[in-house]
Amino acid sequence: MNVLVTGFDPFDGATVNPAYEAVKRLPDEIAGAKVIKLEVPTVFKESSSRLKAALKLHKPDIVICVGQAGGRSAISLEQVAINLAEARIPDNQGNQPSGERLEEDGDTAYFTTLPIKAMMKNVQDHGLPATISYTAGTFVCNEIMYRLLYMIDKEDLNIKGGFIHVPFEPSQVIERPTISSMPILTIANSLLYAIEAAVTTEIDSKINTGTTH
């Protein structure tokens, strides 16, 4: 089994992105599955183009894209991606779409095909925080998740795919001490346990993770 894990490069003037910093610290094998690591640019269309090429090259069974969500206090396993690009800040090539559909023939939204409840529970069972999120945003993180699931749907690919958001790492919040962060190695361990469950779980847990708002 092959697991492709992507992580974004730094953006918005930052010198580090905990997404790929954590991804590149993952072992090369998890639960008997080969782990393939790929850095992708924080650029609309280009990130998903790199992903598409990697799908053809590596033919993974599982794809997990990872991105930064500053301000979150734990890794967040995303449930849904929406057909919308709405960028509050420019990407790394200056693109700043507003109210644009990602795919004209795509569904309004696609749900992850990963067993995210089992993944969350495995992270928590190892003493680390994790949660299910119901918004992947409208920036490049949402775009790569949406286009991954769009490709799986339109090309009838036998792939489990989805997205995980991770917090800032400590150097990013030195002057913002009230904002949550998590050490890179802790993020990497959280991803490891999430991937372990993705590899070993056939049917997702029935834990109720809904919100009250």
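The values are calculated or read from the model by the stated rules, or taken from the named source; none is laboratory data. Not measured: the values here are computed from a predicted model. Neighbour counts run over all protein chains shown; Cβ positions are idealised from the backbone, glycine included. For the accessible areas, the whole protein counts, side chains as well, though only heavy atoms, and no ligand, DNA or RNA atoms are used. Shrake-Rupley method; radii C 1.70, N 1.55, O 1.52, S 1.80 Å.
Here is how the numbers come out for the structure above:
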| read-out | value |
| --- | --- |
| Scope region 19-39; condition under 10 Å from Gly7 (Cβ atoms), part of a strand (DSSP E or B) and open to solvent by 50 Å² or more (accessible area, probe 1.4 Å); matching residues | Lys37, Glu39 |
| Residue count, region 141-174 (criterion: in a helix (DSSP H, G or I) and either touching a strand residue (DSSP E or B) at 6+ places or on another chain (Cβ under 7 Å) or farther than 18 Å from Val16 by Cβ (or both)) | 17 |
| When residues of region 182-195 are limited to those that are surrounded by 18 or more Cβ atoms within 10 Å (Cβ to Cβ) and of a type outside the set (Val, Ile, Thr), the one farthest from Thr6 (Cα to Cα) | Met182 |
| Conditions (1) outside any helix (DSSP H, G or I); (2) open to solvent by less than 20 Å² (accessible area, probe 1.4 Å); (3) in contact with a helix residue (DSSP H, G or I) (Cβ under 6 Å, 6 or more places away or on another chain); number of the one not met by Leu128 | (2) |
| Some residue of region 198-209 being outside any helix (DSSP H, G or I) and under 23 Å from Phe8 (Cβ atoms) | no |
| Residue pairs meeting the criteria (Cβ under 7 Å; at least 6 apart or on separate chains; first acidic (Asp, Glu), in region 1-19; second in a helix (DSSP H, G or I) and open to solvent by 10 Å² or more (accessible area, probe 1.4 Å)) | Asp9/Tyr20 |
| Residue tally, condition surrounded by fewer than 19 Cβ atoms within 10 Å (Cβ to Cβ) and either in contact with a helix residue (DSSP H, G or I) (Cβ under 7 Å, 6 or more places away or on another chain) or free of Cβ contacts under 8 Å to residues at least 12 places away in the same chain (or both), over region 56-69 | 2 |
| Boolean, Ile179 is surrounded by 14 or more Cβ atoms within 10 Å (Cβ to Cβ), out of contact with any Ser or Thr (no Cβ under 6 Å at 6 or more places or on another chain), in a helix (DSSP H, G or I) and among the β-branched types (Val, Ile, Thr) | no |
| Condition check for Thr42: among the β-branched types (Val, Ile, Thr), under 15 Å from the mean Cα position of the chain (by Cα) and in a loop (DSSP other than H, G, I, E, B) | yes |
